[in-house]
Amino acid sequence: MAPRPTLTRERAVWAEEQLLVGVDEAGRGPLAGPVVAAAVVFPTGCSAVRGLRDSKILPASIRGRLAVLVRRRVLAFGVGAASAHEIDRYNIRMASAIAMRRAIARLIRSSSLAPYPMGQGCRGCEAGLRYRIIIDGLPLPEIGYAHEALVDGDARCQSISAAAILAKTVRDRLMHSLAARYPGYGWHTNVGYGTEEHQEGLRVQGPTKHHRLTFAPLAQLTLSL
C-alpha cells in the first residue's frame, strides 16, 4: 500500500508558532510544456486531507477532486511556472527552481496571508520568522529562499503532497488547452511526455515553440532536419 502523507512536520512547526510552506513541481520530464510549481500553507491545527497520496500514482479524476479540496482547505497557495524557452536557456534544474521561486512569491503576496507577514525572514532564521519552507526532493539553493528538503516528500508530508497535486493539475489543464491549438502530438493524453504518438507527431510536424529543444529526442531531431 502506498504511504500516506502525514501532518507530522506541520505539527512540529505549529508548535513553534510558525507555519509550514510545502512546495513541489510537476513536469520535469516531458518533451513539451512548462515546468509548474505550487506552494501551499495550511492553517495551524487543521486536520488531514483525506485521500492525499503521491500525485504520480493517482488517476487524473481523483487528482482533480483533491485539487478542489486542497484549494478549499489551505490558508493560501501560489502557482508558478517556467517556460520551455527558460528550460532550454537555463536547464531543467534551474527552471524548476525558478518555478518554485515564483510559486512562493505568489503565495507570499496572497491577501489571505496579510495577518502573517513573511518579509525578509523567509530567507533566513531571523527573529520573528513566521514561515518555514519544505520542498520535495533534494535541496535546491537556486530557489533563493531558505528551505528544508524531503526525499519522497509528496508521499510523506501533507503540505508537499498538496502542492504536488495543485502543480500537476494546473500543468495538465494547460497541456490539454495547448493540445487543441497544436493537434497531432497527443498532448490531450500524454501532457507532453515522450509517448510514441508524441514522437510521431514530432517526426511529421516538427517541434513547436512549446517543445524543449535541448532535451535529447528534440536535440537529435533538430540535428537531423
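Bear in mind these aren't lab numbers, they're just calculated from the coordinates by the rules spelled out. Please read these numbers as outputs of a predicted model, since none were measured by experiment. Cβ coordinates were reconstructed from backbone atoms using ideal geometry, including for glycine residues, and neighbour counts include every protein chain displayed.
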Residue-averaged [θ]222 nm for the chain, counting only DSSP H segments that reach four residues, each worth -39500 (n - 2.57): -12500 deg cm²/dmol
For q = 0.09, 0.14 Å⁻¹, Debye-computed log10 I/I(0) when each Cα of the chain counts as one equal scatterer: -0.37, -0.84
Cα lying deepest toward the dipole's positive end in the chain, options Ile62, Ser161, Gly33, charges on Cβ: Ile62
Dipole magnitude of the chain, debye to nearest 20 (Cβ charges: Lys/Arg +1, Asp/Glu -1, about Cα centre): 560 debye
Relative packing of 190-203, 43-56, 72-85, which averages over residues the other C-beta atoms within 10 Å, highest first: 72-85, 190-203, 43-56
